[in-house]
Amino acid sequence: MKFIVSSTRLLKELQIIGGIIQTTNTLPILDNFLFDLNENELTVSASDLETTMSVTLEVVSDSKGLVAIPARILLDTLKTFPEQPLTFVIDDKLTGVEVSSDYGKYALACLDGSEFPQFPELKDASSVTIPADSLAVAIQKTLFATGNDELRPVMSGVFFQFSSENLTFVATDAHKLVRYKRTDLQSENTAEFIMPKKPLNLLRQSVVVADNVEVSFNNTNACFVYENVVLNCRLIDGRYPNYDAVIPKENPNVLLIDRASLLSSIKRVSIFSNKTTHQIRLKLAGKEVNISAEDLDFSNKAHERLACDYEGEDMEIGFNSRFIIEMLNNLSSDNVRMELSAPNKAGLLIPADNVDDGEDVLMLVMPVMLNS
Amino acid sequence: MILNKDLKRASPLGRFGGAMSRSIIHMDLDTFFVSVERLIDSRLNGKPILIGGTSDRGVVAACSYEARAFGVHSAMPMRMAKEMCPEAIVIRGNSANYSKHSQDVTEIIREEVPLYEKTSVDEFYIDLTGMDKFFGNYKFASELRQRIMKETGLPISFGLSVNKTVSKVATGEAKPNNQLNIDYGTEKPFLAPLSVRKIPMVGAKTYQTLRNLGVQKIQTIQEMPLEMMTSVFGKNGEVIWRKAQGVDNSPVVQYSERKSISTERTFNKDTIDVEKLRSILIAMAENLAFQLRRGNKLTACLTVKVRYSDFNTHTLQARIPYTAADHIIIPKVKELFEKLYDRRVLVRLIGVRFSHLVGGGYQINLFDDNEEMINLYSAMDKIRQRFGDRAVQRAIGLGVKSIGGMNPFSGEPPALLPNRRR
């Protein structure tokens, strides 16, 4: 088999799917890209058994064939070429690939493509079409809040909840939680599934160029189709915790504050907090919030005062500053609303402006116990 | 050759570019527990006294010089001590009392000196570097000692030299109730004629090994090449060798953070009652968890220790996310114990230790914790702070006595029995 392809075009497509390939693989063939040539259409796939991603591109060819080519060496080579046509020639016995550029020839080993793990077929799938930018934002706003606990795999993913009223995306690690809701998007059927972190990261990077994404899913797998890309992944099996029950409904104490100034204050003060717990203390009274931190081991101490709009009882509440910083970083509004009920109950962070129609963002963070 | 080169590099002068030598005092209260008891009851003066556990398993925590004349020493089983010295007066001791007197001494030292380190209830290191010109270090130290004895009524000894090791050995030589100054440059000759047992760090085991090698006097170590010591004792060999040369660069550190908290219990009679063991462990874990919360600390490593009647000691530890919550710690401690206690043999001792401590509050979990639990902890902690450690506790631990009592984060060293200190 033989085909001619633009070097930069091939590199661009391979970089989209190259992120799947792990540095150490149990199956040696997974270190390869699978090239599936069907005359003028070339489909390249990569897989880690959990996630498989493929891209389709046009090439000049009149042959057909299936071959696995080492990914690392191919990517490294492609990166060095300026734009030019490359010719790939693979002999019928699959003994090796010969690549010809303007500069010379390069030979690399290849494997029989039929040994590459097959795409799982999606049976009894239902599907929804989502605007690509909405999906990208949903992933970006939720992904950081997922957990890393191997003992609780369900929390390592993002929970997709589709209904006829809205689409909801939820992530939590049991200390913080993000609920991103789109009321302007609907699904015909009600469905829930948990998407693992890795494919979402790949999606977030590559989905932005597309207009719409077609999401189809069944109980075990989900498939995302956009532009020339198909991403197929296994879902996380298990029951997602009942997140709705832990979001406090009654929050009489409301703080309205400039997001950027709160963020920079907390960033500064948290430098002085304990390096392991990152604990800061917020003291709310009158029209002022006091942010303080101390690290007794090194006698570090910081204290700042910020003007704000606060309605509610005076109170003192402790947080892990890293959680709050992550959340404030992932919001884009000018002002945020912090809704609190008690020092030992969850605090909510909600953007106060600059929200799209149909967008509903809620971030929640659990406090740390302060001993007074 | 090596010896000279090495000495030069490690010399206390090196740290200050050869410009200045340090002056370190080591102060030690003589037979501290006995002295405190004598303050309370002067009839004890001049009599042999033993302080320590009175049960069969008890050991001597402290004894007066009169008792030492009979061959009694601390850490000896009380039963043996009573046989050797039947007329001795045995006192159980009261650690709260000792802590109080220890604090009185600390208070005086704090007032007088720029930098001190309290290594145990009755031992202090003081750094007087740079004060010689203005006060005269030996004179200053003697006056400090006189003031402590006058104001507290407790006899105290000190050694003054260029570093901690030499000062500590000097204190040992000065005792009882005396003082000793080792002039700069005379450290080596001072140490040379002494037994190797006097080097801090040389315990019974190391001593035995050294004696088997035919080493008795520190002078022999001084003359040995460093390589010989490291080949026998590994890394420690180098440290011992340096100390024998009178070289010790360790600084006087005022405050050292507690790295772990622990509690353990030796039974009067070995037991195989698993229910009892379990309830003791729970009571221990509950009390330590309270100490954590009171000290505003979190732990990330739990260790359970079991010593069987044949003195085989087994420990098992587990890393957990930072926590100070009973409902995470207690089940984990139970789990460790179930895994650890696999020999159906009588148990002599059990213990629990929390390490990897860090300052901070407990991060509340969205799904595992609920408001009632969190409120319950703060309510129970409030009761305990006001009415004592054992004012409220889990019913399973009710039968367990003598656990808790001390605040491990007060900055004071624990009032441990001297035999446990090493």
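The values are calculated or read from the model by the stated rules, or taken from the named source; none is laboratory data. The shown structure was predicted, so the numbers you read here are calculated from the model rather than taken from an experiment. Neighbour counts run over all protein chains shown; Cβ positions are idealised from the backbone, glycine included. For accessibility, only protein heavy atoms count, side chains too; no ligands or nucleic acids. Shrake-Rupley method; radii C 1.70, N 1.55, O 1.52, S 1.80 Å.
Every residue, every condition in (1) under 25 Å from A:G318 (Cβ atoms); (2) at pLDDT below 85; (3) open to solvent by 50 Å² or more (accessible area, probe 1.4 Å), yes or no:
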residue: B:L336; (1), (2), (3): no, no, no
residue: B:V347; (1), (2), (3): no, no, no
residue: B:L366; (1), (2), (3): yes, no, no
residue: B:G404; (1), (2), (3): no, yes, no
residue: B:F409; (1), (2), (3): yes, yes, no
residue: B:L416; (1), (2), (3): no, yes, yes
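What residue, of A:D31, A:D62, is in contact (Cβ under 8 Å) with a residue 12 or more places away in the chain, in contact with a helix residue (DSSP H, G or I) (Cβ under 7 Å, 6 or more places away or on another chain) and of a type outside the set (A, V, I, L, M, F, W, C)?
Details: A:D62 fails: in contact with a helix residue (DSSP H, G or I) (Cβ under 7 Å, 6 or more places away or on another chain).
After ruling out the rest, the residue left standing is A:D31.
Collect the residues in segment B:218-248 that are open to solvent by 80 Å² or more (accessible area, probe 1.4 Å) and either over 24 Å from B:Y184 (Cα atoms) or touching a residue at least 24 places away in the same chain (Cβ under 8 Å) (or both), keeping them in residue-number order.
B:Q219, B:E227, B:M228, B:S231, B:K235, B:N236
Considering only segment B:125-144, how many residues are touching a strand residue (DSSP E or B) at 6+ places or on another chain (Cβ under 7 Å) and either open to solvent by less than 30 Å² (accessible area, probe 1.4 Å) or modelled with pLDDT under 85 (or both)? First the steps, then the outcome.
In the first step, residues of segment B:125-144 are kept if they are touching a strand residue (DSSP E or B) at 6+ places or on another chain (Cβ under 7 Å); the result is B:125-128, B:137-138, B:141-142.
Those left that are additionally either open to solvent by less than 30 Å² (accessible area, probe 1.4 Å) or modelled with pLDDT under 85 (or both): B:125-128, B:137, B:141-142.
Total satisfying the criteria: 7.
I'd like to know if segment A:199-211 contains one or more residues that are assigned to a loop (DSSP other than H, G, I, E, B), at pLDDT below 90 and in contact with a strand residue (DSSP E or B) (Cβ under 6 Å, 6 or more places away or on another chain).
So far as segment A:199-211 goes, yes, one or more of its residues are assigned to a loop (DSSP other than H, G, I, E, B), at pLDDT below 90 and in contact with a strand residue (DSSP E or B) (Cβ under 6 Å, 6 or more places away or on another chain).
Being among the charged types (D, E, K, R) and surrounded by fewer than 19 Cβ atoms within 10 Å (Cβ to Cβ) is the filter here; which residues of segment A:229-277 pass it? Steps first, answer last, please.
First, pick out the residues of segment A:229-277 that are among the charged types (D, E, K, R): A:234, A:237, A:239, A:244, A:249-250, A:258-259, A:267-268, A:275.
Hits for segment A:229-277 are A:R234, A:D237, A:R239, A:D244, A:K249, A:E250, A:D258, A:K267, A:R268, A:K275.
Just the residues that are at pLDDT below 90 and either open to solvent by less than 60 Å² (accessible area, probe 1.4 Å) or closer than 11 Å to A:K2 by Cβ (or both), please, taken from segment A:66-106. Give the steps one after another, and end with the answer.
Our first condition is that a residue be at pLDDT below 90; within segment A:66-106, this holds for A:91-96.
Listed by number, the residues that qualify are A:D91, A:D92, A:L94, A:G96.
So, in segment A:167-197, how many residues would count as being closer than 19 Å to A:N218 by Cα and open to solvent by 20 Å² or more (accessible area, probe 1.4 Å)?
7
From the list B:L281, B:L288, B:L302, pick out the single residue that is in a helix (DSSP H, G or I) and touching a helix residue (DSSP H, G or I) at 6+ places or on another chain (Cβ under 6 Å).
The conditions single out B:L281.
Out of the residues in segment A:38-63 meeting the condition of being of a type in the set (G, A, S) and assigned to a strand (DSSP E or B), tell me which one is surrounded by the most Cβ atoms within 10 Å (Cβ to Cβ).
Looking only at segment A:38-63, we keep the residues that are of a type in the set (G, A, S), and these are A:45-47, A:54, A:61, A:63.
From the residues that got through so far, the ones that are assigned to a strand (DSSP E or B) too are A:45-47, A:54.
Details: A:S45: 23, A:A46: 24, A:S47: 26, A:S54: 21.
For segment A:38-63, the residue satisfying everything is A:S47.
Given the structure, is A:N219 under 30 Å from A:L34 (Cβ atoms) and either out of contact with any strand residue (DSSP E or B) (no Cβ under 7 Å at 6 or more places or on another chain) or within 14 Å of chain B (Cβ to nearest Cβ) (or both)? So that I can check it myself, show each step before the final result.
Values: under 30 Å from A:L34 (Cβ atoms): yes; either out of contact with any strand residue (DSSP E or B) (no Cβ under 7 Å at 6 or more places or on another chain) or within 14 Å of chain B (Cβ to nearest Cβ) (or both): yes.
Answer is yes for this residue.
So which residues in segment B:370-388 are under 15 Å from A:M369 (Cβ atoms) and either more than 12 Å from chain A (Cβ to nearest Cβ) or within 31 Å of the chain's Cα centre (by Cα) (or both)? Quick ask: steps written out before the conclusion?
Just the residues of segment B:370-388 that are under 15 Å from A:M369 (Cβ atoms), to begin with: B:370-382, B:385.
Those that are under 15 Å from A:M369 (Cβ atoms) and either more than 12 Å from chain A (Cβ to nearest Cβ) or within 31 Å of the chain's Cα centre (by Cα) (or both): B:M380, B:D381, B:K382, B:Q385.
Scan segment B:78-112 for residues that are within 30 Å of B:V59 (Cα to Cα), in a helix (DSSP H, G or I) and among the acidic types (D, E) and report the count.
Here is the first cut: in segment B:78-112, the ones within 30 Å of B:V59 (Cα to Cα) are B:78-106.
Checking the rest, the ones that are also in a helix (DSSP H, G or I) come to B:78-84, B:95-106.
With the extra rule that they be among the acidic types (D, E), the set shrinks to B:83, B:104.
Qualifying residue count for the region: 2.
Do the conditions hold for B:R353, that is, is it of a type in the set (D, E, K, R), in contact (Cβ under 8 Å) with a residue 24 or more places away in the chain, part of a strand (DSSP E or B) and within 25 Å of B:D389 (Cα to Cα)? Break it down into steps so the answer makes sense when it comes.
Working: of a type in the set (D, E, K, R): yes; in contact (Cβ under 8 Å) with a residue 24 or more places away in the chain: yes; part of a strand (DSSP E or B): yes; within 25 Å of B:D389 (Cα to Cα): yes.
Against the criterion (of a type in the set (D, E, K, R), in contact (Cβ under 8 Å) with a residue 24 or more places away in the chain, part of a strand (DSSP E or B) and within 25 Å of B:D389 (Cα to Cα)), B:R353 qualifies.
Please work out which one of (1) away from every other protein chain (no Cβ under 14 Å); (2) modelled with pLDDT under 85; (3) surrounded by 17 or more Cβ atoms within 10 Å (Cβ to Cβ) is the condition B:A391 fails and give its number.
(3)
Looking at A:G286 and the list (1) more than 14 Å from chain B (Cβ to nearest Cβ); (2) touching a strand residue (DSSP E or B) at 6+ places or on another chain (Cβ under 6 Å), which single condition is not satisfied?
With (1) more than 14 Å from chain B (Cβ to nearest Cβ); (2) touching a strand residue (DSSP E or B) at 6+ places or on another chain (Cβ under 6 Å) applied to A:G286, the lone miss is (2).
Could you please give the count of residues in segment A:307-334 that are open to solvent by 10 Å² or more (accessible area, probe 1.4 Å) and within 14 Å of chain B (Cβ to nearest Cβ)?
Here the count works out to 4.
Can you tell which of B:I49, B:I109, B:I91 is in the same structural domain as B:L154 (by TED's automatic domain parsing), open to solvent by less than 50 Å² (accessible area, probe 1.4 Å) and touching a Phe, Trp or Tyr at 6+ places or on another chain (Cβ under 6 Å)? Reasoning before the result, please.
Details: B:I49 fails: touching a Phe, Trp or Tyr at 6+ places or on another chain (Cβ under 6 Å); B:I91 fails: touching a Phe, Trp or Tyr at 6+ places or on another chain (Cβ under 6 Å).
Just a single option satisfies the conditions, and that option is B:I109.
Would segment B:332-348 turn up any residue that is within 26 Å of the chain's Cα centre (by Cα), away from chain A (no Cβ under 14 Å) and outside any helix (DSSP H, G or I)? Quick ask: steps written out before the conclusion?
Narrowing segment B:332-348 to residues within 26 Å of the chain's Cα centre (by Cα): B:333, B:347-348.
Those left that are additionally away from chain A (no Cβ under 14 Å): B:333, B:347-348.
Within this subset, residues satisfying the condition of being outside any helix (DSSP H, G or I) are B:347-348.
Checking segment B:332-348: at least one residue is within 26 Å of the chain's Cα centre (by Cα), away from chain A (no Cβ under 14 Å) and outside any helix (DSSP H, G or I).
Filtering segment B:217-257 down to residues that are outside any helix (DSSP H, G or I) and of a type in the set (A, V, I, L, M), which residue is farthest from the other protein chains (Cβ to nearest Cβ)? Give the steps one after another, and end with the answer.
First, the residues of segment B:217-257 that are outside any helix (DSSP H, G or I): B:217, B:224-225, B:234, B:245-257.
With of a type in the set (A, V, I, L, M) added as a condition, the list becomes B:224, B:247, B:252-253.
On the way: B:M224: 40, B:V247: 30, B:V252: 18, B:V253: 13 Å.
Looking at residues that are outside any helix (DSSP H, G or I) and of a type in the set (A, V, I, L, M), I get B:M224.
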